[in-house]
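Reviewing the structure listed below.
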Amino acid sequence: MSSYDVVVVGSGPGGSVTARECARAGLRVLVVEEGERVEPGAVPAYSLEQMRRQYRNQGLTVALGRPPIAYTEAACAGGGSEVNSGLYHRPSAELLDAWSREHAVEALTLPDVEPWLGTVEDRLQVQGRAGELPPASAALARGAERLGWAGLDVPRWAVPGPGHPEKQTMTRTYLADALEAGAELACGSRVDRLDVHDGRVRGVVVAGRTVTSERVVVAAGAVQSPALLQRSGVPVSGRGLAVHPTVKVVAEFAEDVNDPADLATYQVKEFAPALTLGGSASRPSLIALALSERGWSVAGEPREAWRRQQVYYAAIRSRGRGRVRSVPGFRDPVVTYRLTREDLALLRSGLARLMHLLLAAGATRLLPSYAGAMTVTTNADVAPAAAAMTRSRAALMSVHLTGTLPLGERRGGVVDSWGRVRDVTNLWVNDASLLPDAPGINPQGTLMAIAHRNVDRLLRGDG
Amino acid sequence: MSEVVLVTGGSGYFGSLLMTQLLEEGRRVRVLDIHDAADRAPDVELVRGDIRDPDACARAARGATQVFHNVAQVPLARDHQLFEEVNVTGTANLLEACLAAGVDKVVYTSSSAVFGVPDHNPVTRETPARPVEAYGRAKYDGELLCLAAGTRGLDVSIIRPRTILGHGRLGIFGILFDWIADGAAVPVLGDGSNIYQFVHADDLAAACILAAGRPGGATYNIGAERFGTMAEAVGGLCDHAGTGARVVHVPTRLTSAAMAVTGRLGLTPFGAYHWIMYSRSLWFDVTPAKEELGWSARWSNDEMFADSYDWFLQHRQEAGADASASAHRRSARQGILGAAKWVLSRHPHG
Amino acid sequence: MRSGATFAERVALACLARDVPESSLESRRRAAEEVVQSLTALPDSTRAGVGVAGVLARGVVGRSSGDRLVSRLDAAPLPGVGEYLKLVRSLALVAWFEDAGS
Amino acid sequence: MPDLGEPAALTVLTGAGGWFGRAWLRAHAAPQHRHGPVPTGRVRALAGSPGEVTGILEACPGAEVHVGDVVDPEVLQTLFAGAEGAVVVHAAGVIHPRRVDEFARVNVGGTRAVLEQARSAGVRRLVHVSSNSAFGVNPTPTDRFRHEEPFRPYLGYGASKAAAEAEVRAAHDPGTLETVVVRPPWFYGPWQPVRQTTFFTMVAAGRFPVMGSGAQQRSMVHVDNLVQGAALAARVSDVGGDAFWVADARPYPMAEIVRTVAEVLADEGYLVARSRLPGAVPGGRRVPALVARGAERLDRLLQSRGRYQQELHVLGEMDKTIACDIAYTRERLGYEPEVELREGMREAVRWCRQRGIALAPRADGAR
């Protein structure tokens, strides 16, 4: 196997940005991807088949703790961008300032990052929706308007397509650009470990063989990146995992609202960034799943009821933290998460506000998704239904994993302000692990701009 | 047809005395009481009913021009719930009835217990009310209800009497008179140097009637104009009786505490206010009543003690026989005090 | 592994018979097979835990089947057994709905 | 500025002897700019007990005073006699009762009774004084209760206020009886009850615990700000059926509240044990938030058994953020709170001093 200027581990947004920029700079680039390549649209969005083919462990990953939090990671060419909803948010100046301050990060204010955000937005063709909101979003918008709560139909990386807008993905954009510029993509290849010696990385070990490279950029996601470094002997604690713990409610309306192929892009931002309310994927199977969390039989539900049902969520910025630990002999790392008291209080509050919103939107029946939950039909039911969600009953999930390798100059940090691993001269991290905290918004846009910023520095060679 | 005046508690000690004066003045009198008095004059109309019943109050107030409100649950009853219901709810009921009936004037008989233990003597109109026990609080609540009724257009005056004495007046004093008549040692708390003012029921009734005749709500503190210390009052009565009875001084604190405890246990007939006040000084400045009502006290402390005692001697056999009579007309049951009399009488230095 | 898989299929079939009684036996069988496949895809640590819970669950269930099997698992006081039922049930439901439910 | 309707000739006030009640009456008797459009007509006041009569008349000598239980229909019939076209300000309620069942009896039953009598008397508008307790506590120190917020009552008092508010809003009937809800948080200012005096005394003695970091936020409302909010709620057109947070311009961190009270007490000549003030001053002692959590648990336990312990209840709330957003109130009612913490606390301290209420030893040795 030949030698490369740069090996990028992972082809998600961080990896794809890195690969494209390096390839365009004329470097020999190899992207190593554990998952397979699936053409966008080849499998139905949010389906079991998609879980099988594009998610790690078929989407059945869980952070252990009380309560456990189910989370998902993509494992496919293009990473999370292939399977997510493609909602795009710009990070706020306050958020970047807070990160800069708390982690002593150089050049991470909004003015520093703004040009890169522009680059990302142009390439991904981020745009707002034209025309009327689909019913599931319209319900959220209607509730928010009645309550006077702020919200927005979140812009999406999408181009108009026949029927639904076609969501942009890495395989359609950055990864395609990288390959066009000469980068190579090796799918179905798991990196066992990095070959690190005397403060330098010589390459990556795939299926027992070393692929040598001048530089290695790890972009395997907030769980896999620290696990890979741990397997490679780089001292990484794996602490600091940040997620957006999310609680769900199935709302039933008098009319049809469910579009199984899409989800509500409207989000209620009145309580942001601490709390975001929005719509979740609502295929009949996912509705059945949400209902089964309550420990109830779905036998009584009319078979066609799903058309009038939609899953909504309340997601919080958590104060709790998790940890990723690679265990010898186990292929998958052990992930744990500690939800704080405050988190649980915020989740209850979020659940209550979500139910209040959905009732205002005209929902006739709400089925909160936790063990033993009561059915909510009036405002008076909201308080008891929210209060009853205890640690032992909660059924939480999260996407948006960050925080395991926060960038910055803080003492004890594994990487510097630009993602370079301190103790290994030619090793970088360039993915969501770098974001010091779950930002309260979909982090992908922020992460890509930071990835751009980091790789620019890497290429200029002063990193 | 002459105007009707209503006397609540007209079968009680002070109520019946007030009624007699009103009749003497040629007034038509109606009585609201749960009891009928054996000695009720034939031309007195009785509305038999409970002050706690708003309908009874309405019936009693209908057509009345003046109302004298004397119904009260006295501290001897020691039932706080009853205090509250009779003294507060009952007063509220009566005032509502008076407002509804368009009564011209209400005179509320309050109590010096509303002052608790005053910081200074004499107590004047300006002395703030600061009741310290249930009876005083209940009576003060009654005054406040009168004040509230005043804001709604009812003309109410308040009369606060010192401890009432007079012929026929027994209550707590029945015990004292009993001891004196037996020539026993009569206990006085401490050295008895506290200045203590009484008021004769006749003087009080006169003040009430005068207050009823003066439009505009006002408050009058009423008591004797000639008075002295507690020891002088009791000693004077011992002399008057000539039975060999003499004053014994007993330690204030200890006795107060003992009376409080035994009172609570139901062994002695003392309400809270008695044991608080009998060793303290309290006297009224009666100037406003003199100036505004043209009232003056005819009876001194000593005169009214003697008068009451003489009446007591005449009626000693009957005392306590009429079970239906109100608490002040009956001699209070002595309970454990009977034993105390026996002990004190045999005390060599008593 | 094979016998564990068979047990998970039994549980999945019992759950589906309860939750979607109107469904064809064939569709339930297909979903139950999917459940077995999903269980093998679990992350290492979770799979180990689920394996242990499965052994416990098998002890609780004995030879019972159908509704009785489900209610026994549901009522079992052993740690992990309830979670095992919940996991298999939700996997079965998702598989069945994806295959035949809409 | 929103449209103001015609002022009512008669205002009927329940809970007149309370903190807000007397502040409202005072504003009636001596209106200031800060009070907003307080009605100038006749005022009829319901006192819960005779003991409140003097306080009511002190605040407003011209008030017509009724005394009685707010759940008693006969008392209310008299109170509402001839009240056609009147405005009712319903402020009667219990906060710290001996027994938990008083919450439902007075706060819910009383409100129901008042609504019923107000409707049959032909009252034009009823302003109901609710509470933040119906909404529980904020989940984070930066969170604020918005205008529209789900009820999430904090224990027995909160549940009763939530039920009462729901009844008031449901009773809104544009043709006959309009209802408007005002939701005040923690009060301060003149006419304060003993529990607030206790708070001052504890601060002065350096014994008031600031739980945890002291960063927890509290919305507070000066009673005169609340008077303005209630006066606007009684007058502004087209707000029937709605509810409004009425608080000071901003929430205050708990540590700032305690520090401000300490500083004001010191300014006003009281001896304040500042060095020992926990949490509020550098070097002071903070109490772990665990204490508040323990108190809250115990409070829940006692309340579930029908008993109520004020100190425990207050302590249990001390580590919580309870803060609201008044933007909607500003917009719809034209509410502009004029009194702010330091000035308002100073008024409260001076009010206590004028009435001879002892707060702490005086620096000059006087009483």
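The values are calculated or read from the model by the stated rules, or taken from the named source; none is laboratory data. Computed from a predicted model, the values in this text were never measured in an experiment. Glycine gets a Cβ as well: all are built from the backbone with ideal geometry, and neighbour counts include every protein chain shown. Ligands, DNA and RNA are stripped out before the accessible areas are found, and what is left, the full protein with its side chains, is counted by its heavy atoms. Shrake-Rupley method; radii C 1.70, N 1.55, O 1.52, S 1.80 Å.
Annotations for the structure displayed:
- Between chain C and chain A, the total buried accessible area stands at approximately 2300 Å², from heavy atoms with a 1.4 Å probe.
- Net charge over other residues, Cβ less than 11 angstrom from the Cβ of residue B:143 (K, R count +1; D, E count -1): +2
- When a 1.4 Å probe is rolled over the protein heavy atoms, the share of accessible surface on the protein assembly as shown that falls to carbon and sulfur comes to 52 percent.
- Note on A:275-288: average number of Cβ atoms from other chains within 10 Å of each residue's Cβ is 3.
- In the A-D interface, the accessible area buried, summed over both sides, Å² (probe 1.4 Å): 1400
- Across peptide A:263-272, the average count of Cβ atoms from other chains found within 10 Å of a residue's Cβ is 1.
- Per residue, the solvent-accessible area of the protein assembly as shown (1.4 Å probe, heavy atoms of protein chains only, all protein chains present) comes to 38 Å².
- Sum of -39500 (n - 2.57) over DSSP H runs of 4+, divided by residues of chain A (222 nm, nearest 500): -9000 deg cm²/dmol
- Computed over neighbours whose Cβ is under 11 Å from that of residue C:10, the net charge equals +1, Lys and Arg +1, Asp and Glu -1.
- The residues of region B:128-170 listed by number as losing at least 50 Å² of accessible area in the complex, against the isolated chain and with a 1.4 Å probe, are B:144, B:151, B:152.
- Neighbours of residue A:261, meaning other residues whose beta-carbon lies under 15 angstrom from its beta-carbon, give a summed charge of -2 when Lys and Arg score +1 and Asp and Glu score -1.
- Averaged over the residues of D:198-206, the number of partner chain Cβ atoms lying within 10 Å of the residue Cβ comes to 0.
- Overall, the anisotropy analysis places region D:181-311 in the oblate class: the square-rooted eigenvalues a ≥ b ≥ c of its C-alpha gyration tensor yield a/c not less than 1.5, with a/b not exceeding b/c.
- Result for chain D in a Gaussian network model with C-alpha springs under 10 Å: among D:269, D:122, D:344, the largest mean-square fluctuation is at D:269.
- Against chain D, whose longest principal axis comes from its Cα atoms, helix D:155-170 is set at around 30 degrees.
- Highest to lowest packing among D:106-118, D:354-366, B:173-185, scored as the average C-beta count within 10 Å: D:106-118, B:173-185, D:354-366
- Acute angle (nearest 10 degrees) that the helix C:66-75 long axis makes with the longest principal axis of chain C, alpha-carbon atoms: 40
- Cross-link pairs exceeding 28 Å between alpha carbons, from the set A:167/A:269; A:167/C:86; A:269/C:86; C:86/D:161; B:139/B:290: A:167/C:86; A:269/C:86; C:86/D:161.
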